[in-house]
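Here is the structure we will look at.
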Amino acid sequence: MAQAQTRQSTVLLMSEELDGKGKVIPLSKEVVDLLRYLEQHSKLIFEVRRYPWKRAVENAANGEGLIFGISKTRERQRLLKFSQPIFTDQALLVTLCSAKFNYNTVSDLKGKTIGIVRGTSYGEEFDRLSNVLFKVEDDTSNNLGRFRKLFMRRMDAFLLYSSVANTSRLETYINQQYVTEIAGKSADSKLFCILPRPVSAVDIHIAIRQGGGPAEAALLQKIDQAILQARQDGELARIYSPR
């Protein structure tokens with residue numbers, strides 16, 4: 001009890017992902033395990049607040065707290081200071097299996113409509129060519145809604161971030177989760193496919209607003225030390241190991 005009282009309570013902003021009924025999807029086991037480790041080794045207690053991603057980024061830039069799960073872009077680096085990288089996320093293209101296409105470079109998206117989560121970066125090149133080389137369909141983080149749009153062919157593919165190294169396992173999971181609800185029990189059990197080459201792979205960080213003063217700099221330093229300890233201990237490799 002005494003130890004808990006010496007810890008600093010810190011707001012941690014995170015993405016709010018919704019299920020088909022509009023309820024917030026619980027944090028993954030990987031994220032829960034990581035946050036527990038970081039709390040233990042930074043002597044912080046995280047007060048998690050979940051928002052739609054665009055709002056979470058804006059709130060972090062306005063000083064509401066730390067933000068978890070964010071990648072670096074030039075624009076964001078003007079607003080935020082970033083921790084050491086925690087893990088690498090791949091931006092994967094999800095298609096209908098009956099409408100797969102070859103993807104090797106961003107130029108292969110020419111003329112297509114690609115679904116993105118509003119306010120999310122998918123790498124500098126993809127962001128730069130959005131609505132130039134290809135059209136983007138802005139989505140919320142309601143995954144069921146995104147799969148439904150794809151099923152209705154309102155887009156050719158959408159981008160899904162994942163730290164799962166085994167994309168075959170991820171493909172099986174998304175079909176088990178969404179096919180029956182979207183297409184009915186008689187539908188092909190493998191309706192959705194993940195293209196093998198990611199659009200980008202980005203390092204994921206925790207970040208805090210620029211210009212926050214010594215207290216906020218010290219906060220990020222504690223986070224950095226805990227991340228480095230997790231890497232040295234092998235904890236990051238354990239949490240994010242392929243399954």
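The values are calculated or read from the model by the stated rules, or taken from the named source; none is laboratory data. Here the structure is a predicted model, which is why all the values come from computation and not from measurement. Here Cβ is always computed from backbone atoms with ideal geometry, including for glycine, and neighbour counts include all displayed protein chains. Protein only, heavy atoms only, side chains kept; ligands, DNA and RNA dropped before computing areas. Shrake-Rupley method; radii C 1.70, N 1.55, O 1.52, S 1.80 Å.
A few remarks follow.
- Set of aspartates and glutamates with alpha-carbon distance to K112 below 15 Å, sequence-local pairs under 8 removed: D127, E137, D138, D156
- The residues of the chain have, on average, 52 Å² of accessible surface per residue, using a 1.4 Å probe with all protein chains present.
- The modelled label-to-label distance between N62 and F87, using points 7 Å beyond Cα along the C-beta direction, is 3.0 nm.
- When the listed pairs K54/K110; K29/K149; K100/K149; K100/K190; K81/K222 are checked against a 21 Å cut-off, the alpha-carbon distance exceeds it for K54/K110; K29/K149.
- Full extension of the chain between R197 and R78 gives 39.8 nm of extra length, using 0.36 nm per residue less the Cα-Cα distance.
- Full-extension gain in nm, D138 to R238, via 0.36 nm per residue minus C-alpha separation: 32.6 nm
- Options (1) 107, 45, 37; (2) 58, 37, 33; (3) 73, 47, 30 - which one matches Cα extents along the principal axes in Å as calculated here: (2)
- Relative contact order (%) - criterion: Cα under 8 Å, at least six apart; region: the range 88-238: 36
- Label-point gap, in nm, between E47 and F151 - each point 7 angstrom along Cα→Cβ: 4.0
- Percent accessible area from carbon and sulfur atoms, the chain, protein chains only, probe 1.4 Å: 47
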